[in-house]
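K.L.:
First, the structure itself, so that you have it in front of you.
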Amino acid sequence: MHVRPATAADRPTVERLWLMFRHDMSEFAGVVPRPDGTFRSERVDAAFGDPHWAAYLIERDRAPLGFAFVRALDAPTRVLNSFFVVRAVRRSGVGLRAVQDVLARHPGSWDVAFQDANLPAVHFWRHVATTVAGPGWTEERRPPDTWISFAV
């Protein structure tokens with residue numbers, strides 16, 4: 001498994017992964033697809049077009065396993081805006097290794113949001129925070145999400 005910056009040539013792959021991500025998140029956000037079967041994709045546009053964002057592709061043997069979008073690269077605190085791994089590799093360590101790779105590329109303060117109703121995400125992000133920051137992380141409810149903050 002490796003993580004690399006996504007290029008313009010990777011955008012179609014990331015867009016397909018985005019549909020899977022948004023489908024998974026629809027369970028918690030109550031959002032349904034638009035008439036053409038897609039979901040809003042402003043974050044994809046920003047990740048590939050805004051200089052203060054970065055898109056990463058997670059792969060194994062050229063197979064796409066997921067993506068990560070980082071925003072606020074120009075701010076004191078970066079935000080892991082969107083993070084996704086395909087179901088086939090969840091709970092295998094791929095997600096943790098991918099997050100650690102992305103965080104290491106941008107040392108400093110971080111914020112990550114998740115939904116309380118998404119129990120696997122709650123456990124995952126608390127585990128990530130403890131793994132990368134030890135006890136030095138905080139959790140705060142900022143409706144509609146819960147935010148974890150830590151430094152790397």
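The values are calculated or read from the model by the stated rules, or taken from the named source; none is laboratory data. Values in this document were obtained by computation on a predicted structure and should not be read as measured data. Here the Cβ is made from the backbone with ideal geometry for all residues, glycine too, and neighbour counts use every protein chain on show. With ligands, DNA and RNA removed, areas are computed over all heavy atoms of the protein, side chains included. Shrake-Rupley method; radii C 1.70, N 1.55, O 1.52, S 1.80 Å.
K.L.:
DSSP loop (so not H, G, I, E, B), at most 12 other Cβ within 10 Å: list which trypsin sites (Lys or Arg not before Pro) in segment 1-75 pass both filters.
P.N.:
Working: sites: R16, R22, R40, R43, R60, R62, R71; in loops: R40, R62.
Sparse-neighbourhood loop trypsin sites (Lys or Arg not before Pro): R40, R62.
K.L.:
Suppose the chain between E15 and Q100 were pulled fully straight at 0.36 nm per residue; how much longer would it get relative to their current alpha carbon spacing?
P.N.:
Difference between extended and current length: 28.3 nm.
K.L.:
Still on this structure, I have one more. What do you reckon, how do D45, D50 stack up by accessible area (1.4 Å probe), largest on top?
P.N.:
Details: D45 75, D50 55 Å².
The most accessible residue leads, giving D45, D50.
K.L.:
If I model a spin label at R62 and E27 as a point 7 Å from the Cα along the Cα→Cβ vector, what separation in nanometres do I get?
P.N.:
Distance between the two pseudo-spin positions: 3.2 nm.
K.L.:
Still on this structure, please answer the following. Can you list residues whose amide H is under 5 Å from A6's amide H, if they're 5+ apart or on another chain and H is modeled 1.01 Å from N?
P.N.:
Under 5 Å from the amide H of A6 lie the amide H atoms of A55, Y56, L57, each far enough along the sequence or on another chain.
K.L.:
Nearest 5 is fine: what % of DSSP beta bridges in segment 49-152 come out antiparallel, could you say?
P.N.:
Numbers: 24 of 28 bridges.
Rounded to the nearest five, the antiparallel share is 85 percent.
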